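This report concerns only the one structure given below.
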Amino acid sequence: MIATGLHIVPSDLEPEITRLKPTRQSLIDFYPHVYSPSTKMAWNGPPATDPGILTDIFRVNDKAKACMNNGMDEAGWNAHVHSPLLDAALYGRGPWGKKLGGFFSCTTARIMRRYRIDSMPGKKVDFTLFIEPSSDPDTIAPVEALFKIRGSINHTDFEPLEKCPVTVSIETKRHDEGSKRANIQMGVWQAAQWRALEDLAGSDALRSLEFLPGLLVFGHQWNFVASSYKDGKTILWKERSIGSTQTEFGVFQIMTGIDKLRAWSVDVFWPWYKLYVLKVRAQSVPEADTHVPADVEAEMRGLAVDEEKER
């Protein structure tokens, strides 16, 4: 589990971490239970023997501390900490952009007018995880056909995402900004996404997609959040912490959480989207379990963000 740190660090890193503990006291939290038998990073990155892995994690941690100490603004946190962290978690040290699941910065992405709530100005988020259909040959033609008809296969016409389904949304704030505004932004953004998915796939199909996940980030702190959709209303559930960039241990937790969301994007959302939106009934589409994990569901309390409360 991410919260306890169970098996979030490859065991091949244990000797080096143990060696560095006397000079880097923050590594004291790396107890035996955090190490996994795997020889690869939990987020499917490069072999753990790659000498640059710990350096990358140390750099994220050090830059996060510098941003906090120097009162960095939101854009600075995004550039110096959040983007490099997402890049490391999703691509490791391998080629960028060669995977089915990836991420984009999308601070200027607007909600399309037809999916806004009562025509109110749409909210924006900072990053999105997405699916790259060009990595799945069976879907290239259906995506092109849908794009030609609609101009975008999402709830936004942001050009980089016009042909790449949005899966996970990420809203970031400084550490001293309140969570209310971030929750509203995420709620409005995901409400539009639910509307678009209902438009594309139909109401019945949404019953097979229990939730849409997101991340709310406040300086060091990363939180998991999710929304569900019922009777035309979006319910945004209370966030749950997954880790903090204040420590290297927290960075490992965050990267593991991001990897789980990447896996959900590829193994749950994409098969659903292929089947109900693109009408691709390939045998490769697995029987996906879209239920919220019990440990997550138990710790989240409902925070209603219906369409009228988001004004």
Exercise for the section: Mind listing just one residue for me: the one in segment 1-19 that is aliphatic (A, V, I, L, M) and buried (at least 16 other Cβ atoms within 10 Å of the Cβ) and, of those, nearest to G257 (Cα to Cα)? Expected result: I2
Exercise for the section: Any chance you could count how many residues in segment 11-35 are small (G, A, S) and in contact with a strand residue (DSSP E or B) (Cβ under 9 Å, 6 or more places away or on another chain)? Expected result: 1
Practice task
Within segment 10-42, work out how many residues are of a type outside the set (K, R), modelled with pLDDT under 90 and not in a helix (DSSP H, G or I).
Solution key: 7
Handout entry: segment 225-255, residues that are under 11 Å from the mean Cα position of the chain (by Cα) and either at positive phi or surrounded by 23 or more Cβ atoms within 10 Å (Cβ to Cβ) (or both)
Key = V225, I254, M255
Practice task
May I ask you to verify whether F211 is under 16 Å from T172 (Cβ atoms) and among the hydrophobic types (A, V, I, L, M, F, W, C)?
Solution key: no
Practice task
Within segment 220-231, identify whether any single residue is out of contact with any helix residue (DSSP H, G or I) (no Cβ under 6 Å at 6 or more places or on another chain) and at pLDDT below 95, and answer yes or no.
Solution key: yes
Handout entry: Residue list for segment 187-208, restricted to those being within 24 Å of G151 (Cα to Cα) and in a loop (DSSP other than H, G, I, E, B)
Key = G202
Exercise for the section: Would you check which residues across segment 168-212 are surrounded by 16 or more Cβ atoms within 10 Å (Cβ to Cβ), of a type in the set (S, T, Y) and within 28 Å of V143 (Cβ to Cβ) and list them? Expected result: S169
Handout entry: Residue within segment 132-152 that is buried (at least 21 other Cβ atoms within 10 Å of the Cβ) and either part of a loop (DSSP other than H, G, I, E, B) or of a type in the set (K, R) (or both) present
Key = no
Handout entry: Residue selected from segment 20-32 under the condition surrounded by 14 or more Cβ atoms within 10 Å (Cβ to Cβ) and of a type in the set (A, V, I, L, M, F, W, C), by the criterion nearest to T247 (Cα to Cα)
Key = L27
Handout entry: Residues that are within 24 Å of K99 (Cα to Cα) and within 17 Å of the chain's Cα centre (by Cα), drawn from segment 161-181
Key = L161, C164, P165, V166, T167, V168, S169, I170, E171
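The values are calculated or read from the model by the stated rules, or taken from the named source; none is laboratory data. These figures come from a predicted structure and were not determined experimentally. Cβ sites come from the backbone with ideal geometry, for glycine too, and all protein chains shown count toward neighbours.
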